[in-house]
1. Looking at region 1-23, which of its residues are touching a residue at least 24 places away in the same chain (Cβ under 8 Å) and not basic (K, R)?
2. Could you grab me the full set of residues in region 271-302 that are among the acidic types (D, E) and surrounded by 15 or more Cβ atoms within 10 Å (Cβ to Cβ)?
3. Out of all the residues in region 192-221, which are open to solvent by less than 20 Å² (accessible area, probe 1.4 Å) and of a type outside the set (A, V, I, L, M, F, W, C)?
4. Which one of the conditions (1) touching a Lys or Arg at 6+ places or on another chain (Cβ under 7 Å); (2) within 23 Å of N329 (Cβ to Cβ) does L278 fail to meet, given that it meets all the rest?
5. How many residues are over 15 Å from L119 (Cβ atoms) and of a type in the set (G, A, S) if we restrict to region 247-263?
6. Tell me, which helices (runs of 4 or more DSSP H) lie completely within region 233-332 with 2 or more residues that are in contact (Cβ under 8 Å) with a residue 60 or more places away in the chain and closer than 19 Å to W169 by Cβ?
7. For region 1-20, enumerate the residues that are surrounded by 10 or more Cβ atoms within 10 Å (Cβ to Cβ) and under 13 Å from T44 (Cα atoms).
8. I'd like the full set of residues that are under 19 Å from the mean Cα position of the chain (by Cα) and β-branched (V, I, T), limited to region 86-110.
Amino acid sequence: MDQRLEQLKIWLTQIISEPITKLEVASADASFRRYFRVFTNTQTLIAMDAPPEKENSTLFIDTAKSLKSFGVNTPNIFAYDIELGFVLLEDFGDTTLLENIKFKPDCLYSNAIEQLVTLQSASLQQTPGTWHPSPYDAQKLVAEMSLFREWFLERHLALSIDETSASVWLTTQNLLASNCLQQPQVWVHRDFHSRNLMVPELSSKPLGVIDFQDCVIGPIAYDLASIFKDCYIEWPRSQQHIWLEQYRLTALQKLDIEPFSLEQLIRWVDFAGLQRHLKVLGIFCRLNYRDGKQHYLNDLPLVAKYVIEVLTVYPELEPFKIHFEKFINKAL
């Protein structure tokens, strides 16, 4: 018997004033959270099951409320029990950006850019005493990249790198972390991609933003790398740059930051993207070996392709390319 599901059913009957006609799985993400769609005669809702020993529901709730107060379209929260790890949310439907993007990419990415700039502007609107995310500092950035060595190289490929390669890896980690810290610092969703943006029934409405609980204050280009170098759908580099220019013009108009060129933005996105994709190579392997989520291995080739592509562009990445490209190619 699924004891947590039975607990959730009891909790829902206590907080929803009308009879529940059906309860079905809505989705499960890369964490330990599960989502169920709750049906009544008049509405549908989403119930989140977040085991308290595994997930921080307080952080989820605080982030959702804070982002919504700044204009980001996060789901409304109707009820929660922190001790049980249950949250009742607004239902954004089940159509993700990924499922719709090929039909009208320019329209949907314009919508995504608007939501992203709104999210980033939160860092400029805070007042003393309000909740705000923790910094995406060098320690966190480097720790994330260590997943590449631990889970991709050592576990997935069964490799043990030599002392020279280890030194190059350390230098590369510091280079990427330094670049991220030198960028303008804004609120960062951290998983702002096509599976975490929900398409509304009415095209005039903003995209729904989910899976935001790992929000931090970090590099302005990080979420841009997430959405335009998406791990689940690929666009030509030239098309990415067209959308980046659209973002740049919007950001310079709406964010109080120093002007920057498209060339500078492309470099920021490439370096933040490399940090992210090295981490993701490790995460996808960890999801397979530790958590039994084998389907994530199917997404390794595109992530590896993004890594290889950037290594050919920047001379300062040549040492890493020499020592590690042959290993990353194994994921293609």
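The values are calculated or read from the model by the stated rules, or taken from the named source; none is laboratory data. Note that the coordinates shown come from a computational prediction; the quantities given were computed from them, not determined experimentally. Note: ideal-geometry Cβ built from the backbone for every residue, glycine included; neighbour counts use all protein chains shown. Accessible surface areas use protein heavy atoms only, side chains included; no ligands, DNA or RNA. Shrake-Rupley method; radii C 1.70, N 1.55, O 1.52, S 1.80 Å.
1. The initial filter retains those residues of region 1-23 that are touching a residue at least 24 places away in the same chain (Cβ under 8 Å), namely 4-5, 7-8, 11-12, 15-16, 18, 23.
Residues satisfying the conditions are L5, Q7, L8, W11, L12, I15, I16, E18, L23.
2. D299
3. Hits for region 192-221 are H193, S194, N196, G208, Q213, G218, P219.
4. Among (1) touching a Lys or Arg at 6+ places or on another chain (Cβ under 7 Å); (2) within 23 Å of N329 (Cβ to Cβ), the lone unmet condition for L278 is (1).
5. 1
6. Qualifying helices (runs of 4 or more DSSP H): 262-289, 300-311, 318-328.
7. Result: L12, I16, I20.
8. If the condition is that a residue be under 19 Å from the mean Cα position of the chain (by Cα) and β-branched (V, I, T), then T95, T96, I101 are the ones that fit.
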